[in-house]
Structure formats: C-alpha cells, structure tokens
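Pasting in a structure now, in structure tokens, and then I'll have a few things to ask.
The values are calculated or read from the model by the stated rules, or taken from the named source; none is laboratory data. All of these numbers come straight from a predicted model, not from anything done at the bench. For neighbour counting, all protein chains shown are included, and Cβ atoms are generated from backbone atoms with ideal geometry for every residue, glycine included.
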Amino acid sequence: MRWFRRGWAVWFELARTDHTPRVFGTGARMSPLPTNRYHPRVRVRINGTMMIGIGIVGATGYTGVELLRLLLAHPRAEIKAVTSRGDAGTPVARMFPSLRGVLDLDFVAPELEALSECDVVFFATPHGVAHALAGPLLERGVRVIDLSADFRIRDPEVWAHWYGQAHGAPQWLGEAVYGLPELNRERIRVARLLAVPGCYPTAVTLGVLPLLQARAIDPSDIVADAKSGVSGAGRKAQIGGLFAEVAENFRAYASTGHRHYPEIRQTLDSVAEEPVGLVFQPHLVPMIRGIHATIYLRPLDTGLDFQAVFEDFYRQEPFVDVMPSGGHPETASVRGTNLCRIAVARPVDSGRLMVMSVIDNLVKGASGQAVQGMNLMFGFPETLGLEPIAVFP
C-alpha cells in the first residue's frame with residue numbers, strides 16, 4: 001500500500017486483525033484507537049480527528065478529477081480507491097498531471113469488495129452505472145454520493161423516458177435524498193444515498209427558490225435562459241465540443257427538451273406545491289467552466305422588496321452570495337469555488353422580475369456540492385475543504 005504525508009498529517013489505518021493502527025511505511029505499532037461513536041465505520045487519526053475512507057468510481061472525467069482536487073485538500077478525507085475499468089493499473093497522476101506529487105494511487109477496477117472497505121463512495125459516472133453498485137454498497141453500510149442523474153428523479157418511468165433506458169434500481173429511489181443543501185439540509189444530514197443535483201438545476205433552483213417559497217411569483221410563468229461552458233458536456237470526444245466548433249461561437253441546444261428539465265420541474269413543483277410552468281433553454285458558450293442562468297419571472301406583488309426577499313432567505317447560507325441591487329454576477333467570479341452568486345433586477349416597463357444566477361458547473365454544479373453534502377452527512381462543518389477563493393483572471 002502506498003502512503004504519503006500531506007502537511008503535518010500522517011495517515012493511519014486500522015489493521016483488520018487486531019484493530020491497532022499502523023503507520024504506513026514504518027511498520028511501527030501503536031496503541032488501539034477508538035472508532036467514532038456516531039459513525040462506527042469511520043476511523044480516527046492519532047490526535048483523535050475523525051477521518052473517512054473514500055472511494056471514487058469513474059474518476060477519469062472532469063467531475064471526477066474535480067472531486068479529487070477538492071478531497072485532496074479536505075483535512076478529514078482519505079482517498080482509498082480511485083476506479084476506472086478501462087484504465088486500471090494506470091497512475092492517476094499520469095492521466096491528470098495536476099495531481100502529481102499529491103496523489104500516489106493507481107486506477108483500479110470498480111470491485112465491490114474493495115469499495116466496501118470505504119466509508120463513502122462517490123459515483124462520477126455516466127448515467128445508469130450507479131444503479132448496479134449503489135444498492136450492494138448501501139447494504140454493506142457504505143454511504144453513497146451519486147453525481148450522475150441515477151437517483152435524482154423520483155419516478156422511474158420519468159427517468160426512463162428522459163434517459164432512454166429502464167431504471168436499474170427503482171427500489172432505492174425512496175431512500176435517495178436530493179442533495180441541494182439550501183433546500184434539504186436536515187435530510188442530507190441523515191442520508192445514506194445522496195443524489196447530487198445537476199448543474200443547470202442548481203443554478204436555476206437557487207435563483208427561484210426564495211420567490212416560490214414566499215409565494216411572490218406566478219408559478220405558471222417561469223422562463224430560464226441558461227448558458228454553460230463546454231466542460232458541462234463531459235470529457236469525451238464529440239464534434240460539438242471541438243475547439244473549432246466552440247470557439248467564437250454561441251448556440252442553443254436541446255430546445256425540444258433537455259434532461260435537466262424534469263429535474264428542475266420536480267423540485268420547483270414540490271416547492272410551489274403545484275405544477276409550475278417552465279420554459280428551460282440551455283446554450284453552449286465558448287468557455288470551459290461556468291453556468292449563467294437568467295430567469296424571467298412574473299411577480300404577484302410589484303411593490304414587494306425582492307432584493308430583501310433574497311437577502312433574508314440566503315443570509316445564513318455559506319455558499320450563496322446575493323449581490324447588491326444593480327449588480328451583475330459573472331461566471332469568472334465563482335470559478336473554482338462552491339459559490340452561487342445571484343443578482344435581482346426589474347427590467348424597465350416589463351412587469352417582470354429577472355434573476356441572474358452563476359455557478360462553476362464543476363464545483364457547486366457537481367463535485368463541490370457533493371463534498372458539501374458529504375460534510376453534512378458526516379457531521380463536519382459544512383464549508384470544510386470548500387473555502388478556496390475564485391481564480392481570477
């Protein structure tokens with residue numbers, strides 16, 4: 001087994017035979033350490049700090065490497081297994097040179113026995129993959145955090161319609177908790193199976209949530225015009241993602257229906273307690289990271305202080321920033337962070353309200369929100385490991 005130091009921390013492992021920790025690389029034996037009383041599978045470090053063993057399934061994509069970046073900086077995370085069926089045996093840092101010197105692991109095949117040794121397993125896989133492994137892991141006491149869409153949609157028939165295949169694990173849908181902390185924080189704390197929201201649904205939902213809960217807008221008239229960078233399409237070879245196709249270009253897509261539409265509808269319907277009327281139009285823009293959602297709404301009370309509604313609703317939220325009146329959020333201002341930045345405006349002579357919401361699609365729209373959920377599930381401070389300031393320019 002490989003080992004390394006990160007800062008001052010030396011990592012330990014409980015031996016399977018006598019439950020005494022071994023310092024990797026030295027062979028030294030030390031006195032037994034207790035497990036955490038609330039999470040008995042979770043080991044502790046020599047100073048009593050709780051550590052969690054982490055597996056990542058499908059870590060060869062953009063969300064996977066982003067998850068690695070965040071977890072390697074997380075003071076309570078020990079990455080034990082990074083899987084890829086097609087790249088087993090390849091050093092992770094060979095595929096991702098950004099991780100040279102900080103991660104000394106090879107990709108391994110996603111085998112149930114090895115993953116069962118983890119406390120939590122993240123799935124950063126294509127849709128449908130988590131169906132086969134999530135249940136067996138849950139049955140063995142491992143918590144599951146799924147970054148795909150496999151457990152977001154509560155109705156398996158709706159999921160099958162939008163994803164073009166039968167749902168492979170409908171028996172676990174009732175167990176899944178939709179992982180938007182600003183909406184489901186207390187449910188996330190006790191979750192065993194967490195469905196991480198999609199990138200577009202995160203940006204749109206956070207832009208509408210305060211107004212729907214306040215019954216301040218017409219729920220039948222919601223128009224979400226969203227733009228995404230190319231990393232939102234994943235790390236795969238396709239003509240639409242080629243540099244010559246994306247650079248100096250701007251285009252709409254999926255006008256007849258995007259897979260994130262039913263996810264957004266499901267959440268907004270639940271908050272409004274009635275079916276909402278939603279038009280959702282995504283666009284691809286020539287940037288790598290970021291989502292900008294402009295949401296057009298019809299207020300029910302034009303005299304309401306909408307700025308105050310947002311400021312009051314998100315005042316205690318660590319990862320939502322409401323800009324002052326007249327502000328315009330920029331995707332570059334949240335690059336590399338778990339932050340959603342929001343501004344509210346009243347277009348002149350329109351009778352409309354406009355909300356602008358920006359996120360980094362790979363962080364708050366995927367891996368960062370997954371780590372935020374992990375923090376809640378294991379009783380850590382919610383912001384732990386997610387404090388970086390945006391990279392600019």
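On the basis of being among the hydrophobic types (A, V, I, L, M, F, W, C), within 23 Å of Pro126 (Cα to Cα) and without any contact (Cβ under 8 Å) to a residue 24 or more places away in the chain, does Ala59 make the cut?
Numbers: among the hydrophobic types (A, V, I, L, M, F, W, C): yes; within 23 Å of Pro126 (Cα to Cα): yes; without any contact (Cβ under 8 Å) to a residue 24 or more places away in the chain: no.
It is false that Ala59 is among the hydrophobic types (A, V, I, L, M, F, W, C), within 23 Å of Pro126 (Cα to Cα) and without any contact (Cβ under 8 Å) to a residue 24 or more places away in the chain.
Every residue, every condition in (1) surrounded by 14 or more Cβ atoms within 10 Å (Cβ to Cβ); (2) outside the structural domain of Ala124 (by TED's automatic domain parsing); (3) touching a strand residue (DSSP E or B) at 6+ places or on another chain (Cβ under 7 Å), yes or no:
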{"position": "Gly234", "(1), (2), (3)": "no, yes, no"}
{"position": "Glu263", "(1), (2), (3)": "yes, yes, no"}
{"position": "Gln266", "(1), (2), (3)": "yes, yes, no"}
{"position": "Glu274", "(1), (2), (3)": "no, yes, yes"}
{"position": "Leu297", "(1), (2), (3)": "yes, yes, yes"}
{"position": "Leu304", "(1), (2), (3)": "yes, yes, no"}
{"position": "Phe313", "(1), (2), (3)": "yes, yes, no"}
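Right, another one. Only residues that are of a type in the set (A, V, I, L, M, F, W, C), farther than 15 Å from Leu339 by Cβ and assigned to a helix (DSSP H, G or I): list them for the stretch 371-393, please.
Met374, Leu376, Met377
Follow-up. Quick test of your reading of the structure: Ala293 fulfils all but one of (1) farther than 21 Å from Leu211 by Cβ; (2) touching a residue at least 12 places away in the same chain (Cβ under 8 Å). Name the failing condition by number.
(1)
State all residues of the stretch 348-375 that are farther than 23 Å from Phe392 by Cα, hydroxyl-bearing (Ser, Thr, Tyr) and touching a helix residue (DSSP H, G or I) at 6+ places or on another chain (Cβ under 9 Å); if no residue qualifies, say none.
Selection gives nothing.
Are any of the residues in the stretch 209-216 under 22 Å from Ala370 (Cβ atoms) and not β-branched (Val, Ile, Thr)? Quick ask: steps written out before the conclusion?
Just the residues of the stretch 209-216 that are under 22 Å from Ala370 (Cβ atoms), to begin with: 209.
Among the residues that remain, those that are also not β-branched (Val, Ile, Thr) are: 209.
For the stretch 209-216, residues under 22 Å from Ala370 (Cβ atoms) and not β-branched (Val, Ile, Thr): present.
Check every one of the helices (runs of 4 or more DSSP H) wholly within the stretch 192-296 and list those with 1 or more residues that are within 21 Å of the chain's Cα centre (by Cα) and on the phi > 0 side of the Ramachandran plot. Spell out the reasoning first.
Numbers: elements: 199-213, 243-246, 260-272.
It comes to none.
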